[in-house]
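Student: I have a structure here, written as structure tokens, and I will follow up with some questions on it.
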Amino acid sequence: MHRTSAHISTVLLIGASRGLGHAMAAEFLKKGWHVVGTVRAGGGRTLLHELADAHPGRVDIETLDITRPDQLRALRQRLSGRTFDVLFVNAGTTNPDPTQTIGEVSTEDFVDLMITNALSPMRVVESLSDLVRPDGLIGIMSSGQGSVADNESGQRELYRGSKAALNQFMRSFAARQAHTSRAMLLMAPGWVRTDLGGPEGRLSIEESVPGAVDVLLAKLGRPGLEYLDYRGRTVRW
Ligand SMILES: NC(=O)c1ccc[n+]([C@@H]2O[C@H](COP(=O)([O-])OP(=O)(O)OC[C@H]3O[C@@H](n4cnc5c(N)ncnc54)[C@H](OP(=O)(O)O)[C@@H]3O)[C@@H](O)[C@H]2O)c1
């Protein structure tokens, strides 16, 4: 995206305390961006705090638990008047026993994961989207496991369902924005060795995140919603 030399691009990154979100923050900093990143309150020092110390004046740390509408309203208030080139919602989780089939999952785990992975990221997008420049980008961390078409092996059934629901909700959001110049992105980062991905993951963070950020930046200025992986390949819905 072309901006005047005085313009410093800024990303609002939701869920940047560790894992892929923290690595994305580091990658944006490498590219000269300013980062406003969120962590959950009460979590103490996080990797984002380390990053902020290492890059004085270039990282603002905000707090948000995406499942808490009161905290989202308060964040919206604190950020009012600011403008972002990119809003990216990375925060997400899995259910306690991802090996359970959908018939085995408890109602409580079902509700919790759907709220965290599907409803809450969309609430963030709906609430903060007007802070994004008209030609900016709104993205969410989805997963290849959110693809209905590519699900030929089952497993992690509730997690898959939560990301498929997220994709569907984002498509509805995008459909309402069909005539805007906004770029919208659902990102599949690959199976990455993080706390969530586990030690068996196919990719290191370094093998996923720089590519994912490059794909995101290449999508800036390309209006409409795409579901892309960390190498820029289209993922089937
Ligand atoms: N790793 C993979 O293989 C993989 C593959 C596909 C998609 N993804 C997606 O990538 C995203 C990041 O995953 P990761 O692998 O980096 O996992 P991770 O290391 O477990 O990190 C999860 C991040 O989400 C934040 N988070 C979780 N629930 C939250 C909530 N209610 N409010 C605010 N923040 C919350 C965590 O904050 P705290 O530090 O406060 O807990 C942390 O920053 C997730 O959406 C995940 O579904 C991961």
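The values are calculated or read from the model by the stated rules, or taken from the named source; none is laboratory data. Nothing here was measured: the structure is a model prediction, and the numbers come from that model. Here Cβ is always computed from backbone atoms with ideal geometry, including for glycine, and neighbour counts include all displayed protein chains. Only protein heavy atoms, including side chains, enter the accessible area calculation; ligands, DNA and RNA are left aside. Shrake-Rupley method; radii C 1.70, N 1.55, O 1.52, S 1.80 Å.
Student: Just to be sure I understand the filter: pairs with C-beta atoms under 8 Å, separated by 6 or more residues or on different chains, first member in the range 188-199 and basic (Lys, Arg), second member within 6 Å of the ligand (Cβ to nearest atom) and open to solvent by less than 100 Å² (accessible area, probe 1.4 Å). Which pairs pass?
Tutor: As it stands, the answer is Arg193/Gly201, since those pairs meet every condition given.
Student: Looking for something open to solvent by 70 Å² or more (accessible area, probe 1.4 Å), in contact with a Ser or Thr (Cβ under 9 Å, 6 or more places away or on another chain), more than 15 Å from the ligand (Cβ to nearest atom) and part of a strand (DSSP E or B) - is there at least one such residue anywhere in the range 84-104?
Tutor: No - not one qualifying residue is present in the range 84-104.
Student: Six or more apart or on different chains, Cβ atoms under 7 Å: show the pairs whose first residue is in the range 96-107 and closer than 13 Å to Gln155 by Cβ and whose second is among the basic types (Lys, Arg) and surrounded by 12 or more Cβ atoms within 10 Å (Cβ to Cβ).
Tutor: Pro98/Arg156
Student: Right, something else. Here is a check on your reading of the model: is Met187 assigned to a helix (DSSP H, G or I) and either over 22 Å from Leu20 (Cα atoms) or of a type in the set (A, V, I, L, M) (or both)? Don't jump to the end; show me each part of the working.
Tutor: Details: assigned to a helix (DSSP H, G or I): no; either over 22 Å from Leu20 (Cα atoms) or of a type in the set (A, V, I, L, M) (or both): yes.
Judged against the criteria, Met187 is not a match.
Student: Just one of Leu47, Leu75, Leu64 is within 16 Å of the ligand (Cβ to nearest atom) and either open to solvent by 60 Å² or more (accessible area, probe 1.4 Å) or touching a Phe, Trp or Tyr at 6+ places or on another chain (Cβ under 8 Å) (or both); which is it?
Tutor: Result: Leu47 is the single residue among Leu47, Leu75, Leu64 that is within 16 Å of the ligand (Cβ to nearest atom) and either open to solvent by 60 Å² or more (accessible area, probe 1.4 Å) or touching a Phe, Trp or Tyr at 6+ places or on another chain (Cβ under 8 Å) (or both).
Student: Counting residues that are under 14 Å from the mean Cα position of the chain (by Cα) and within 20 Å of Leu75 (Cβ to Cβ), which strands (runs of 3 or more DSSP E) fully inside the range 1-63 reach at least 2?
Tutor: On the way: elements: 10-14, 34-39, 59-63.
Ranges flagged: 10-14, 34-39.
Student: If you don't mind, there's one more thing I want to ask. Quick one: Ser153 ticks every box in (1) closer than 27 Å to Pro96 by Cα; (2) open to solvent by 40 Å² or more (accessible area, probe 1.4 Å); (3) among the hydroxyl-bearing types (Ser, Thr, Tyr); (4) in a helix (DSSP H, G or I) bar one, so which box is it?
Tutor: Unmet condition: (4).
Student: Please find, among Asp112, Asp130, the residue that is open to solvent by 70 Å² or more (accessible area, probe 1.4 Å), assigned to a helix (DSSP H, G or I), without any contact (Cβ under 8 Å) to a residue 60 or more places away in the chain and more than 29 Å from Trp191 (Cβ to Cβ). Give the derivation first.
Tutor: On the way: Asp112 fails: more than 29 Å from Trp191 (Cβ to Cβ).
Going through Asp112, Asp130 in turn, the sole match is Asp130.
Student: Within the range 194-237, which residues are among the aliphatic types (A, V, I, L, M), within 11 Å of the ligand (Cβ to nearest atom) and open to solvent by 30 Å² or more (accessible area, probe 1.4 Å)?
Tutor: Across the range 194-237, the qualifying residues are Leu196, Ile205.
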